[in-house]
Amino acid sequence: MTDFIQDQPLRIAGQAFTSRLLVGTGKYRDFDETAEAVTASGAEIVTFAVRRTNLGQTAGEPNLLDVVPPSRFTLLPNTAGCYTAKDAVRTCKLARELLDGHKLVKLEVLGDQSTLYPNVVETLSAAETLIADGFDVMVYTSDDPIVARELERLGCCAIMPLGSLIGSGHGIQNPHNLSLIIEQAEVPVLVDAGIGTASDAALAMELGCDGVLMNSAIAQARQPVLMASAMRKAIEAGREAFLAGRMPRRQSADPSSPFAGRING
Amino acid sequence: MQIQLNGEARDLAAGLTVAQLLDELGLAGQRIAVERNQEIVPKSEHAATQLAEGDRLEIVHAIGGG
């Protein structure tokens, strides 16, 4: 029988996950659609944002954590909307309190509103503070391999470079930088941001990424639940292709059918 | 006394605790987190934490995000 490579689970901060697709919960029409898309994606790790409670309109209002309960999913609070290390650290502490001591967070410290590009100086500072305080930090960053290495050195448990700008759907703009980051990293590398469609996700996995985190590509598809299913398959296909190892590229053609025995020979 | 609650001024009875305020707001038992003057107020301390004039209080919850 053919030797089949048995895939290892994705390990993040000591926890093992079967799914390599992580999904966000923003931009959905309603909580029903959120729940259906999350289920169709097969994701085990689900991100959310922390915001001020809408006072005066909260009685009986459904809560996101009822739709994606911490009993069924690994919740990953993000620091989206934070532009300073200080705000990001405050947000993580609030999230930890919200989830009864849960330590895993997605750190993102943004540079400006038009690009949402990471401010790596503030990101490095926040990562250091959070890790010293006992958080497990999955960090959103640029596709700069030197910054990625520094974040890993500080103790981040996953490095999450952008494929392209958040919410842009431009896919993976610099696969070579991603490869550099993947080659040097000893913690999981996940593409976070920029995925537009299934082939982008498959490409990330074929490059050797350990996983992909996405939100808009699913939530803003014409049919989000169907796209969630497509993404699940793309991640699995890309992962298997990576493990299988692609054929070498050749300059000239090479027939698949044998030369010998042709009737015109 | 007046405090800043989620960025807006709010008049409250003097000596109100965090737990009493959450009750007044209909938030008792909800999945929320409280920060007072940029320090977390753990759930276990809501009942014992008295608010004071000028406090800046943040009450947050989980919403959809990526």
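The values are calculated or read from the model by the stated rules, or taken from the named source; none is laboratory data. The shown structure was predicted, so the numbers you read here are calculated from the model rather than taken from an experiment. Please note: Cβ atoms are built from the backbone with ideal geometry, for glycine as well, and neighbour counts cover all protein chains shown.
Quick notes
- Filter result for A:Ala237 (out of contact with any strand residue (DSSP E or B) (no Cβ under 8 Å at 6 or more places or on another chain), part of a helix (DSSP H, G or I), surrounded by 14 or more Cβ atoms within 10 Å (Cβ to Cβ) and in contact (Cβ under 8 Å) with a residue 24 or more places away in the chain): yes
- Qualifying residue in region A:31-39 (condition: hydrophobic (A, V, I, L, M, F, W, C), buried (at least 21 other Cβ atoms within 10 Å of the Cβ) and under 18 Å from A:Val137 (Cβ atoms)): no
- Filter result for A:Leu99 (surrounded by fewer than 23 Cβ atoms within 10 Å (Cβ to Cβ) and at pLDDT below 95): no
- Among (1) touching a helix residue (DSSP H, G or I) at 6+ places or on another chain (Cβ under 6 Å); (2) crowded, with 17+ Cβ neighbours inside 10 Å, the one test that B:Leu12 misses: (1)
- Members of region A:38-61 found to be farther than 23 Å from A:Val187 by Cβ, within 11 Å of another protein chain (Cβ to nearest Cβ) and not polar (S, T, N, Q), listed by number: A:Val38, A:Ala49, A:Val50, A:Arg51, A:Arg52, A:Leu55, A:Gly56, A:Ala59, A:Gly60, A:Glu61
- Flag: A:Ala217 does not match the condition of being part of a helix (DSSP H, G or I) and touching a Leu at 6+ places or on another chain (Cβ under 9 Å).
- Within the option set B:Gly29, B:Gly15, B:Gly54, being among the small types (Gly, Ala, Ser) and within 14 Å of chain A (Cβ to nearest Cβ) holds for one residue only, B:Gly29.
- Here A:Leu107 meets the list (1) touching a strand residue (DSSP E or B) at 6+ places or on another chain (Cβ under 9 Å); (2) farther than 29 Å from A:Ser179 by Cβ; (3) hydrophobic (A, V, I, L, M, F, W, C) almost entirely, failing just condition (2).
- Check on A:Phe259, surrounded by fewer than 23 Cβ atoms within 10 Å (Cβ to Cβ), at pLDDT 95 or above and aromatic (Phe, Trp, Tyr): no
- Selection from region A:6-20 of residues that are surrounded by 10 or more Cβ atoms within 10 Å (Cβ to Cβ) and either at positive phi or at pLDDT 95 or above (or both): A:Pro9, A:Leu10, A:Arg11, A:Ile12, A:Ala13, A:Gln15, A:Ala16, A:Phe17, A:Ser19, A:Arg20
- The residues on offer are A:Gln251, A:Gln223, A:Gln173, and the sole one that is among the polar types (S, T, N, Q) and touching a Ser or Thr at 6+ places or on another chain (Cβ under 9 Å) is A:Gln173.
- Residue that is surrounded by the most Cβ atoms within 10 Å (Cβ to Cβ), among those in region A:71-85 that are facing chain B (nearest Cβ under 9 Å) and not small (Gly, Ala, Ser): A:Asn78
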